[in-house]
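J.: So that we are looking at the same thing, I have put the structure below in structure tokens.
No value in this document is a laboratory result; all are computed from the given coordinates. Quantities reported herein were computed from a predicted structural model and do not represent experimental measurements. Using ideal geometry, Cβ is built from the backbone for each residue, glycine included, and neighbour counts are taken over all protein chains shown.
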């Protein structure tokens, strides 16, 4: 059991609060070994912690999604549904971000500095409600 790393060493190395590792353990996402009342992680658990951290930050996965993926047996394709749904959500966010970037760039070229709602590029993108007949 000499290949174990202390919770502090793992937390510092992966730039995570110790409390996060405690929480993930309470959620059943990771497992520690106990020595004299202190938590230690083996190599497999360190990789698992790094994977969860990656999923949380770059994959923007919730802990419930991560728990669903980790709980599935490796030989079942159900976890793939969660990952596929996350990819679709990220692609939707990318589309929104691309649109936002385009709109903000257009605003920079708008001659109506104090009244941006008058920018032609903005107005061209907005559909107004139908006029009421009186």
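J.: Among 28, 37, 92, which one shows the biggest mean-square fluctuation in a GNM of the chain, springs joining Cα atoms closer than 10 Å?
T.: Highest fluctuation among the options: 37.
J.: Also, I was wondering about something else. At a Förster distance of 41 Å, what's the computed FRET efficiency of residue 50 paired with residue 102, Cβ-Cβ distance as r, to 0.05?
T.: Given R0 = 41 Å and the Cβ-Cβ separation, E is 0.70.
J.: To the nearest 10 degrees, how steeply does helix 43-57 sit against the main Cα axis of the chain, on a 0 to 90 scale?
T.: With rounding to tens, the tilt is 10 degrees.
J.: For the chain, what does -39500 (n - 2.57) per DSSP helix run (n ≥ 4), summed and divided by total residues, give at 222 nm, in deg cm²/dmol to the nearest 500?
T.: -18000 deg cm²/dmol
J.: Relative contact order for the chain using alpha-carbon pairs under 8 Å, separation at least 6, rounded to a whole percent?
T.: 14
J.: If r is the Cβ-Cβ distance from residue 31 to residue 95 and R0 is 35 Å, what FRET efficiency results, to the nearest 0.05?
T.: 0.35
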